[in-house]
Amino acid sequence: MSSTVSNERDVFYHNVDVLEQRKKGDIFYSKNGLLKKMSFVRKLLFVASKVFYSSYFNQVQSNLKDTINWVVNNSKVGDKKVVSNFFFNKLAPLSENIYDRSQIQGKTLSVLRDSLTEENSQKNNAKKLSEFNEEFLDAKLATYLGVRPVKPGVGNSESYILKDINHRKVGIFKTSTGDSLSRKSPFLPLRIRNQFLYFIGFGGSIFKHVAGKCHISEVASYKMAKKIGSESIPITKIVKLDPLGYRRGKGKETDGSFQLFVPNTIEAKEFLNVNKNYVKSTKPKKRRIEKKLPKPLAEDLIINDVIEGNMDRHAENWLIKANKRKAKKIVLIDGGIAFSPTHANSIFETHKLYRWATFKLKFAQKRFSPEAKIRIKEIYDNRFELKDDLNKVYISNGDKEYVASKRANRMVERIEMLHWFANVKNLRKYKLRSFITSRQVQKARKDLEKSEQKKSRS
Ligand SMILES: Nc1ncnc2c1ncn2[C@@H]1O[C@H](COP(=O)(O)OP(=O)(O)O)[C@@H](O)[C@H]1O
Ligand SMILES: [Mg+2]
């Protein structure tokens, strides 16, 4: 940098000016700490050097990065609006190769952070943010500063893993319109497929009442788990966010679910050594070695899935925290395809419900433990309270009342079936696959009623 203070300030303001006047397509370079716009010829040279892996490209980028970091480090907090506009609109689109967001610190960071919570914090300034809100705010801030989210998996559904400015994964955001089964999916081939399947009546109520509501079901799954004392589902809430804020400019926020990220996990399929559908070994030549899943964890998975009526619990949708060979904790993710207002009657649905219930898996061969049976009885006794809560979650997020009440009734019926299954019949877990359709569930409930009557007579 220049030697005198006043010179340094001049350089600073010059650089801020250049960045503020940035237009799409502008490419900068830095000469002696001064930012400059590339001329046409220089741009050609620059692009060519990138194509031919010349060191010129790296040199330009590294100088530029130093200068931008220096500007960011030296920006003092002035007018809030100016700061926000500069960071959220002018700097946010810059690539992470030349602009390291973790350089934003101290007062500037807290002013930017506060500007995202203004509406709420004016009312209750003193109130401390919950852990969830703190985490979400970190992710939201980073997103609007231009830290790109990661798209997990095949990218058909609109999910984004959001990071903070230090690149720590904070949580997964799923937009209300973006799920892969939605008839309004932003992804055209999926939209056509889903419209078609809906039109020919394939897929039960999935295309009508489950798709497009996945973000609510994520939250509902978490709330029900919490209600029954399960800690297997990370905190999940409805939030507003523009996941591509850096591209469109802050302000076009949509509803979606946000679930906190659990670090250091492995997918269940890896732990159990099966493929996604629990069928074959992932390493065909070797003998299948299934590591032991402790009973309380397996039973928590099963109880949660019956409550949700989860139709997407393949072996990539639950994660395991393990040390060496032993599982310490399970993490149930992706509760989007759940709480259908009808039981699983179409082939499309029966095939998907309780995927893990196969004789091949050791944990599914067993009966419920005495502890689990007590727990299931307690859930059964509380079923109408759970029903009210579930109803509220869906209605408060815009679901139609009659649909929400059907969802809640089907859940109550599944709970009654589970109570009968574990406490009256004492069946092995994999047999749950025989209690999926309306007819099967109602049969179990009738039998439960009979046995209750018998008990009260004697
Ligand atoms: N709460 C979480 N903690 C850790 N990893 C997660 C979490 N949620 C999602 N993931 C990771 O992101 C991937 C996609 O998430 P998922 O909820 O299954 O979304 P999709 O609807 O795209 O299948 C998962 O396979 C998992 O690796
Ligand atoms: Mg998934």
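Just name the residue that is farthest from the chain's Cα centre (by Cα) out of those in segment 333-366 that are in contact (Cβ under 8 Å) with a residue 40 or more places away in the chain and in a helix (DSSP H, G or I). If we take residues in segment 333-366 being in contact (Cβ under 8 Å) with a residue 40 or more places away in the chain and in a helix (DSSP H, G or I), then Gln365 is farthest from the chain's Cα centre (by Cα).
Out of Glu371, Glu385, Glu413, Glu378, one residue alone is touching a Lys or Arg at 6+ places or on another chain (Cβ under 7 Å), among the acidic types (Asp, Glu) and assigned to a helix (DSSP H, G or I). It is Glu413.
Lys366 meets all of the listed conditions (1) surrounded by fewer than 16 Cβ atoms within 10 Å (Cβ to Cβ); (2) among the basic types (Lys, Arg); (3) farther than 22 Å from Lys431 by Cβ but one, namely (3). With respect to (1) modelled with pLDDT under 95; (2) touching a Phe, Trp or Tyr at 6+ places or on another chain (Cβ under 6 Å), the lone exception for Leu427 is condition (1). Scanning segment 128-180 for residues that are of a type outside the set (Ser, Thr, Tyr), more than 16 Å from ligand 1 (Cβ to nearest atom) and touching a residue at least 24 places away in the same chain (Cβ under 8 Å) returns Leu137, Lys140, Leu141, Ala142, Leu145, Gly146, Val147, Ile165, Asn166.
Run down Ser157, Ser205, Ser180, Ser217 and say which single residue is of a type in the set (Ser, Thr, Tyr), more than 15 Å from ligand 2 (Cβ to nearest atom) and within 28 Å of Asp399 (Cα to Cα).
Working: Ser157 fails: more than 15 Å from ligand 2 (Cβ to nearest atom); Ser180 fails: more than 15 Å from ligand 2 (Cβ to nearest atom); Ser217 fails: more than 15 Å from ligand 2 (Cβ to nearest atom).
Testing whether each residue is of a type in the set (Ser, Thr, Tyr), more than 15 Å from ligand 2 (Cβ to nearest atom) and within 28 Å of Asp399 (Cα to Cα) leaves just Ser205.
In segment 321-347, of all residues being closer than 17 Å to Phe363 by Cβ and surrounded by fewer than 21 Cβ atoms within 10 Å (Cβ to Cβ), the one that is nearest to ligand 2 (Cβ to nearest atom) corresponds to Val331. Within segment 189-196, is even one residue surrounded by 23 or more Cβ atoms within 10 Å (Cβ to Cβ) and near ligand 1 (Cβ under 10 Å from one of its atoms)? No; the residues of segment 189-196 include none that is surrounded by 23 or more Cβ atoms within 10 Å (Cβ to Cβ) and near ligand 1 (Cβ under 10 Å from one of its atoms). In this entry, Asn85 is excluded by the filter for residues that are loosely packed, with under 14 Cβ neighbours inside 10 Å and closer than 27 Å to Ile165 by Cα.
The values are calculated or read from the model by the stated rules, or taken from the named source; none is laboratory data. For clarity, every value in this text was computed on a predicted model and none was experimentally measured. Counting neighbours? That spans all protein chains shown, and the Cβs are built from the backbone with ideal geometry, glycine included.
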